[in-house]
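What follows is a short report on a single structure.
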Amino acid sequence: MMKRAFDIVGALVLLAVLSPLFLLVAVWMKYESRGPVLCRERRAGRGGLPFRTFKFRVLHASSAALCGTSTPRNDPQLSASGRLMRRFRIHELPQLLNVLRGEMSLVGPGPELVDRVDSLSGSDKRLLNLRPGMTDWASLWNSDEASSLAGAPDRELAYDRFIRPRKLRLQKYYLENRSLGMDLKILTFTVLRVINRQFLPRELHNFPTFGELRAEVLCLESSAMIRKHAA
């Protein structure tokens, strides 16, 4: 009950404070192209039930997937406004509407793809007891998943091998230690991480940096190329 009250008050305050920014973003996007300002993505919520997240559109209106979740930061499909929003995670702020609707929380495990829910097993399934969040330890560690996987010959394999196990580990850490104090800490760290990409909380020091993660992915790519030529 305390967490839900915190979410509602926090979302209302942030929406009020950020409303001028939302208006500015909408005007810029409409000036840039005729596409919609918001896009929605299907995700798994509490209990594995599907819902749709709100985000600002980051791709050109002619692109098929307007939210661009799987689009690397250097992709030409990204609009000028989309590049800036991705850099500062502004495109995710409309999820405050999902928080007010009770579909998400300010802090919690990132909303999972619906088709990945069935692959959760054992203790990992407990994560579905929580509302998905706008930020958490896992998103602090790897806030640009698409760029981490850029160039991988098999993105699903690279994700399952290098990213998902670590994300689940961090999400379960939050599940087992969650508190209002931890939520405030994660929200503070999120702001600091957006301002300074080099900032890394001590809780994440045992996890690979973006550069180290990219090296793992590219190593997988090199191995795949070697096997291909050998065949």
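A few notes on this one:
- Flag for Ala61 being over 19 Å from the mean Cα position of the chain (by Cα) and aliphatic (A, V, I, L, M): yes
- Within the stretch 136-158, tally of residues that are in contact with a Leu (Cβ under 6 Å, 6 or more places away or on another chain) and not basic (Lys, Arg): 5
- Which numbered condition Phe88 fails, given (1) touching a helix residue (DSSP H, G or I) at 6+ places or on another chain (Cβ under 8 Å); (2) farther than 23 Å from Asp183 by Cβ: (2)
- Restricting attention to the stretch 131-153 and to residues that are of a type in the set (Ser, Thr, Tyr) and not in a helix (DSSP H, G or I), the residue that is farthest from Gln77 (Cα to Cα) turns out to be Thr135.
- Spans of helices (runs of 4 or more DSSP H) in the stretch 154-231 with at least 2 residues modelled with pLDDT of 90 or more, under 23 Å from Arg87 (Cβ atoms) and within 19 Å of the chain's Cα centre (by Cα): 164-177, 180-195
- Of all residue pairs spaced 6 or more apart or on separate chains, those with beta-carbon atoms under 9 Å, a first member in the stretch 81-93 that is closer than 13 Å to Cys67 by Cα and in contact (Cβ under 8 Å) with a residue 40 or more places away in the chain and a second member that is basic (Lys, Arg) and assigned to a helix (DSSP H, G or I) are Arg89/Arg193.
The values are calculated or read from the model by the stated rules, or taken from the named source; none is laboratory data. No experiment lies behind these values; they were computed from the predicted model shown. All Cβ positions, even for glycine, are placed from backbone atoms using ideal geometry, and neighbour counts span all protein chains on display.
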